[in-house]
Every structure is written in structure tokens, then in C-alpha cells.
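What follows draws every value from the coordinates through simple rules; no lab data is involved. In this text the structure is predicted, and so the values were computed from the model without any measurement. FYI the Cβ positions are ideal-geometry reconstructions off the backbone, even for glycines, and counts take in every protein chain you see.
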Amino acid sequence: MPKFNQYKTVDTFLKDKIISYLEELSTISKAKLVDCITSDFPDLKESTINVYLSRLKKDGIIKNPSRGIYALKGKKIYHPAIDTKLRRLHNKIKKEYPFAEFCIWDTKWLNEFMRHQPFKFYTVLEFDKDVTESVFYALKELGKQVFIEPDAETFDLYISNSEDVIILKHLISEAPLQEIENTVVPTLEKLLVDMTIDTKMYAAQQSEIEFIYENVFEKYEVNKNKMKRYAYRRNRENEVENLTNLTLAKIE
């Protein structure tokens, strides 16, 4: 066999092995990936492996969602379903407050990641603090059940047994948002960070927080650096980073 074809055969075999590692483990640390490769290809130097991993990343075969972590390029991007009711409310508010930054979402989206399914769901609107009170009164005039930054007692007395509740929250500056079907919604990174911090709002998720993190990281592409930046904005960077690292250690 000619020398070029021999190298090509090894090259293809190595690519297939790397893909098989990632298919089995979903995500893997670079150290563990290098260990797997050197176990199957003991003659390869680490510098050669690094060059090859860079090539696979450039070719779009693997990705590097956060520092020191590799995954297959095929992991899905989180795009929650925007129902008609949510879209109409978003469009109405956008028309009334065209220059306000805000996002909208529904707590039922979180059921996808949970063992035990809550039966009560809330529409959540997050606005700049200066606009929140104005939106509150506008929604009240429309006959909506709406609450601003409710505390635990308000949840227990007025929200937990009600239907069609809208919760208004203050939008943290530089919060990670995305636009889906012309509707601005939180990114998955934002939802995870908020879920970790806002224990009153996410009371139903607290007993499953580690399970939710594992489900999210196994199923969807998550930008760890984006989570870290937003957690820093909320002054809870260490807590979020510890939970993220714990999750990655479990699923590697």
C-alpha cells in the first residue's frame, strides 16, 4: 500500500474512534479524550493529537462548547415552542413599548427536563426596571392576573392556585436572550442560571436542579462561558460554576 494511502487509512480510523468516544459519552474533557486516543494509538504524540483535534473542529465534525470540553457538532440548539398566546402577548407589548428591552417565556418549557411534572404554569415577562410598573398597570387594565417580583408568601396565597398568571421580573442587563419566530425569549443559559438563583420563582424545580442540569447538558448545546458571564452579572458565579462542573463531571 502506498505511504499516502496508509496515512489516510489511519487518519480515517482515528476520526471514527474519536466520534465513537463522543457518541458514547455525549461530552468529554480534553484530558479524558487524549487518554482514550493514546490508549488506542500509543504511538501518537499529544502535540499530534492536538493538531488533529483542531482539524476536526475546523472541519465541523466536533465542537468545543466550553474550555476543555469536546462534543459532537450535532448536539441540538435549544429552540422552545412559541405558542400563539405567547406570541400575541409579546407582539402587543412590543407595539406599546417599542423601545423597551424585554423577553417573554412560559414555565411549562421546563417540564421537558424534569422527572415530576408541575401542573401550574406561568407566563413570565422580564423588563427593564423603569418600564416594569407601567407594564403592570397596562396588563391590569386588560384584566390580567399579574404580579411584580412576587415573594414566597405571594406565590403561596395568590399564584399557586390561580390560572393564567403573568409574572413580571426585572431584566438583568446583558442577560442572554435570543429571538425565535420574531419573539424575544431567554436562552437556555439564562434559564439555568435563573433557576439556580431564583428559588422562589423556581420552587418546583429546586428538588431536581441537578437532574435538570444533566438533562440540559446531555441534550442541548450549552455555552458555559455565557452562563458564567451572566452568573457574574447576578453575583452568583461560584454557585453556578460549581453546579455546572458537577454536572459535566457526571456526564463525561
Original post:
So for 36, 103, fewest C-beta neighbours within 10 Å to most, what's the order?
Top reply: 36, 103
Original post:
Could you give the dipole magnitude of segment 133-252 about its Cα centre, charging the beta-carbon of Lys and Arg +1 and that of Asp and Glu -1, in debye to the nearest 20?
Top reply: 360
Original post:
Could you give the Stokes-Einstein D for segment 3-72 in µm² per second, using the C-alpha Kirkwood radius, 20 °C, 1.002 mPa s?
Top reply: 174
Subject >> Cα-based helix-to-principal-axis angle, 3-25 vs the chain, degrees rounded to 10 >> reply: 30
Original post:
For segment 220-229, what does the Karplus curve 6.51 cos²θ - 1.76 cosθ + 1.60, with θ = phi - 60°, yield as ³J(HN,Hα) per residue in whole Hz, taken in order and with x for Gly and Pro?
Top reply: 10, 6, 10, 8, 5, 5, 5, 4, 5, 5
Original post:
For the Cα atoms of the chain, what angle does the longest principal axis make with the long axis of helix 237-251, in degrees from 0 to 90, nearest 10?
Top reply: 50
Subject >> Count of lysine pairs in segment 38-81 with Cα separation under 18 Å (8 or more residues apart, or interchain) >> reply: 8
Subject >> Charge dipole of segment 39-184 about the Cα centre (unit charges at C-beta), most positive-ward option of 165, 118, 44 >> reply: 44
Original post:
Which whole-Hz ³J(HN,Hα) couplings does segment 57-65 yield from phi under the Karplus relation 6.51 cos²θ - 1.76 cosθ + 1.60, θ = phi - 60°, glycine and proline marked x?
Top reply: 5, 5, 7, x, 8, 10, 9, 10, x
Original post:
What residues qualify as long-range amide H neighbours of residue 178, i.e. H under 5 Å apart, gap of 5 or more or another chain, H built at 1.01 Å from N?
Top reply: 185, 187
Subject >> Relative contact order for segment 3-72, counting Cα pairs under 8 Å that sit 6 or more residues apart, in percent >> reply: 37
**OP:** Based on the mean of other Cβ atoms within 10 Å per residue, sort peptides 184-195, 204-215 so the most packed one is first.
**Re:** 184-195, 204-215
Original post:
Given segment 28-183, what percent of its DSSP beta bridges are antiparallel, to the nearest 5?
Top reply: 50
**OP:** Name the shape class, rounded, prolate or oblate, that the alpha-carbon gyration tensor gives for segment 71-210, where a ≥ b ≥ c are the square roots of its eigenvalues, rounded holds for a/c under 1.5, and otherwise prolate holds if a/b is larger than b/c and oblate otherwise.
**Re:** oblate
Subject >> Calculated FRET value between residue 130 and residue 251, using beta carbons and R₀ = 35 Å, to 0.05 >> reply: 0.30
Subject >> DSSP bridge orientation in segment 84-251 - percent antiparallel, rounded to nearest 5 >> reply: 45
Original post:
In percent, how large is the relative contact order of the chain, given Cα pairs closer than 8 Å and 6 or more residues apart?
Top reply: 19
Original post:
Which one of 49, 69, 28 has the biggest mean-square fluctuation once the chain is modelled by GNM with Cα springs under 10 Å?
Top reply: 49
**OP:** Quote the charge dipole size of segment 3-72 about the Cα centre in Debye, to the nearest 20; the model charges only the Cβ of Lys and Arg (+1) and of Asp and Glu (-1).
**Re:** 340
Subject >> For 29, 20, order by how many other beta-carbon atoms lie within 10 Å, fewest first >> reply: 20, 29
Subject >> Kirkwood-based shape ratio for the chain, expressed as Rg/Rh from alpha carbons >> reply: 1.09
**OP:** Return the whole-Å distance between the Cα centroid of segment 42-107 and the Cα centroid of segment 156-226.
**Re:** 16
**OP:** Can you tell me the 0 to 90 degree angle between the C-alpha axis of helix 84-96 and the longest principal axis of the chain, rounded to 10?
**Re:** 70
Original post:
Hey, what do the phi angles of segment 198-205 turn into as Karplus ³J(HN,Hα) couplings, whole Hz, using 6.51/-1.76/1.60 and θ = phi - 60°, x for Gly and Pro?
Top reply: 8, 5, 6, 5, 10, 4, 5, 9
**OP:** Report, by chain and number, residues whose modeled amide H sits under 5 Å from the one on residue 148, excluding near sequence neighbours (fewer than 5 apart, same chain).
**Re:** 168
